[in-house]
Amino acid sequence: MIQSMTGYGKSVIQLPTKKISIEVKSLNSKNLDLNTRMPSMYREKELSIRKLIASKLVRGKVDFSLYMEITGEETSTQINKTVVKQYIKQLREVVDGDTTELLKMAIRLPDAVTTERDDIDENEWKQIAEVIDNSLEKIQKYRLDEGKSLEADFINRVENISKLLDDVIAMDPDRIEGVRERLNKGISEIKEKVDENRFEQELVYYIEKFDITEEKVRLKNHLDYFKKALKSDDSNGKKLGFISQEMGREINTIGSKSNYAPMQKLVVQMKDELEKIKEQLLNVL
C-alpha cells in the first residue's frame with residue numbers, strides 16, 4: 001500500500017496549568033528534512049522526538065511544532081522587583097515623569113523580568129508523548145488516504161498506457177507492410193533490375209531494424225511489475241520511480257523505431273500518461 005508524503009496531524013491536551021498543542025505537517029522530499037519548533041523547556045526531549053518521527057514518517061519535509069499555552073495561575077516568569085525599582089530611580093534622575101510611564105520603560109530594560117527554567121515533570125511528559133503519538137497516527141492515516149487516491153490514479157494511467165500498447169501491437173503488421181511497400185516503391189522508381197535475393201536480405205535487415213517486438217514485451221512486463229509494486233506491503237516511491245524510468249525507455253525506443261505516423265501519435269499519448277505518473281510519484285513515500 002503506497003503512502004503520500006503529504007500529510008497533517010494535530011492533537012491537543014489540557015494539563016492542570018497549561019494547554020499543549022502538537023502539529024505535524026509534511027510535504028514531499030527526497031530524504032527526511034525535519035524541522036522542530038518547541039519551547040526551550042522541552043528541548044532536552046528533541047532528540048527522542050526526532051528519532052520517533054524518523055521511524056514513523058521515514059521521508060519527507062516535516063515540520064513538527066509543540067505549542068504551550070499557560071492556562072493556570074502558576075508562571076515561571078517573575079518580575080525582578082529590586083532591579084525594576086533601581087531602574088525607576090535612575091530614570092527619575094534623568095527625566096521627570098509619571099511613575100506608570102517610568103515603570104513601562106523600566107520593565108523593558110535588561111533583567112527586569114526573569115524566567116526560571118522548570119524541570120520537565122516526567123508524568124506530564126508521558127501525557128504529552130501520547131499526544132505526539134496521536135498526532136503521528138493522524139498524519140500517517142492522512143498519508144494512507146492520500147496514497148489510496150494516488151494509487152487509483154496510477155492504475156488508471158497504467159491501464160491507459162496498456163490500452164495504447166495494445167493499439168500499437170494491433171497496427172504493427174500494417175506498419176511492417178508499409179515499410180515493405182515503401183522499399184518496393186523505391187526500387188521500382190529506380191527502374192533497375194535488382195537481385196531478388198539481395199533485395200530480400202535488405203528487406204529483412206530494415207524490418208529487423210524497425211522491429212519493436214522486444215520493446216513491446218518489456219513495456220508490458222514493466223506495466224505489470226508497476227501494478228504489482230503498488231500492491232506491495234511497503235510504500236516505495238523510489239522503486240516505482242525506477243520502474244517508470246524503464247517504462248519511459250521502452251516507450252521512447254518504440255517511438256524512434258516506429259517510423260509510422262499513426263503509431264507515433266500513440267507513443268505521444270503514452271508519454272503524456274507516463275509524465276503524469278512521474279509527477280505524482282514525487283509525492284509517494
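Values quoted throughout were computed directly from the atomic coordinates according to the rules given, and no laboratory measurement underlies them. For clarity, every value in this text was computed on a predicted model and none was experimentally measured. All Cβ positions, glycine included, derive from the backbone under ideal geometry; neighbour counts span all protein chains shown.
Tabulated data
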| quantity | calculated |
| --- | --- |
| For peptides 124-131, 58-65, sequence by mean Cβ density within 10 Å, most packed first | 58-65, 124-131 |
| Computed over segment 147-281: relative contact order in percent, which uses C-alpha pairs under 8 Å that are six or more apart | 39 |
| Packing-based order for 91-98, 143-150, using average beta carbon neighbours within 10 Å, highest first | 143-150, 91-98 |
| Förster radius 51 Å - calculated FRET efficiency between residue 46 and residue 96, Cβ distance, rounded to 0.05 | 0.55 |
| Pairwise FRET efficiency - residue 133 versus residue 282, Cβ, R0 = 25 Å, nearest 0.05 | 0.30 |
| Cα-based shape type of the chain, given that a ≥ b ≥ c are square roots of the gyration tensor eigenvalues and the cut on a/c is 1.5 | prolate |
| Estimated FRET transfer efficiency (residue 201, residue 239; beta-carbon r; R0 35 Å; 0.05) | 0.20 |
| 27 Å Cα-Cα threshold exceeded, pairs from 18/85; 163/276; 51/126; 45/81; 61/220 | 18/85; 45/81; 61/220 |
| Value of [θ]222 nm, deg cm²/dmol, for the chain, DSSP H segments ≥ 4, -39500 (n - 2.57) each, nearest 500 | -22000 deg cm²/dmol |
| Relative contact order for the chain, counting Cα pairs under 8 Å that sit 6 or more residues apart, in percent | 26 |
| Extension reserve of the residue 176-residue 140 stretch, reckoned as 0.36 nm per residue once the Cα distance is removed | 7.8 nm |
